[in-house]
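Below is one structure; the comments refer to it alone.
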Amino acid sequence: MKRVLVVLDPTAKDQPALERAAWLARRLPAELELFVCDYDQYLAGERFFDSAALEKARASQIENRLRWLKEKAAELERQGVTARADARWDHPLHEGIVRKVSESKPDLVLKDTHYHAVLRRSIFSNTDWNLIRTCPAPLWLVKARPVGATPHVVAAVDPLHEHDKPAELDHRILAAAKEVADAVRGELHVFHAYDIAPALAVSTDAMTMPIAMPVRELADALKRRHGDAVFALTDRHAIDRRRVHLLEGATRQLLVELAEQLPADLVVIGAVSRSGLKRLFLGSTAEQVLDHLPCDVLIIKPATPPAEQ
């Protein structure tokens, strides 16, 4: 993570993504590029109704955005962070950001999002969800909350690939989480949940006679199977077993509970677009969890997206 693209909102008073990026850049260290993708429907014009005056107005607006960004970059430079700036006219916002990412190829993209404690969930915009689905680089969604003195980083893994994740994605998740935790001198935790309910349902359906189910034996066998897979994975990354959380139950509920209990400052999670539905649906775990986590989220995708079926 040596080159970081930071997406800013020029209409907002506070810039959580910029603050988090500066904090991170000083520790990695990394070079920042501050980026604004701007659009105003009143200046957009239409195919047969555009004019030199509208074009000049658009250019002036982008020039003002770039000047604002350069002031932010100069302030970062005074703090010892290497930073540059870019602004462009593009629409819709998520597509403009993706085009910028495809062009500049950063190692990481930071953008802010909003968490409302009263609702116990995040309020993701359409831009956030579209970026989660289409951004080709790891995407760090920042919430306006302070980071702990010893940051807690949680990597959510699925070594048995029960949610259709490719095997290499878990290694990418752990590598990213470990890099961040090491850089910020934080604690790395690993989370994995397994649910006995589907196994019980399958076993019950397969039975033709009403006999007693060996529930405890089945649960113990399932725990051993998942534990063996998780520790084989985390041992390869030299992660302390005392910080591996192997829990029984529903993934969404347990991951959110762990993030609240630690408390977590960042959850690193994998996301896989479903074949033929890249703009419509993500892996079920990511889809269900993201809106409810009380902390920043770093979304990692496979190095090579799975072929569409």
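The values are calculated or read from the model by the stated rules, or taken from the named source; none is laboratory data. Owing to the predicted nature of the structure, the values given are computational and were not obtained by experimental measurement. Quick reminder, even Gly has a Cβ in these numbers, built from the backbone with ideal geometry, and neighbours come from all protein chains shown. Calculation scope for accessible area: heavy atoms of the full protein, side chains included, ligands and nucleic acids excluded. Shrake-Rupley method; radii C 1.70, N 1.55, O 1.52, S 1.80 Å.
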Using 0.36 nm per residue of separation minus the Cα-Cα distance, give me the extension gain between R27 and E77 in nm, one decimal. 16.5 nm
For labels at K70 and A219 in the simple 7 Å Cα→Cβ model, what's the distance in nm? 6.5
On a full-extension model of 0.36 nm per residue, what is the gain between T11 and E168, subtracting their alpha-carbon distance, rounded to one decimal in nm? 52.6 nm
So the FRET efficiency between R185 and R241, C-beta based with R0 = 22 Å and rounded to 0.05, is 0.60
Go ahead and run the numbers for FRET between A197 and L119, Cβ-Cβ distance against an R0 of 30 Å, rounding to 0.05. 0.65
I'd like the carbon and sulfur percentage of the solvent accessible area for the range 1-135, probe radius 1.4 Å, heavy atoms only, ligands and nucleic acids excluded. 49
Summing +1 for each Lys or Arg and -1 for each Asp or Glu, what net charge is found among the other residues whose Cβ lies under 14 Å from the Cβ of V142? -3
Where only protein heavy atoms count, and the probe is 1.4 Å, what is the accessible area per residue for the range 1-157 in Å²? 52
So the number of lysine pairs in the range 44-137 with alpha-carbon atoms under 20 angstrom apart, 8 or more residues apart or on different chains, is 5
Amide H contacts under 5 Å for I300, placed H, 5+ residues apart: I269, G270, A271
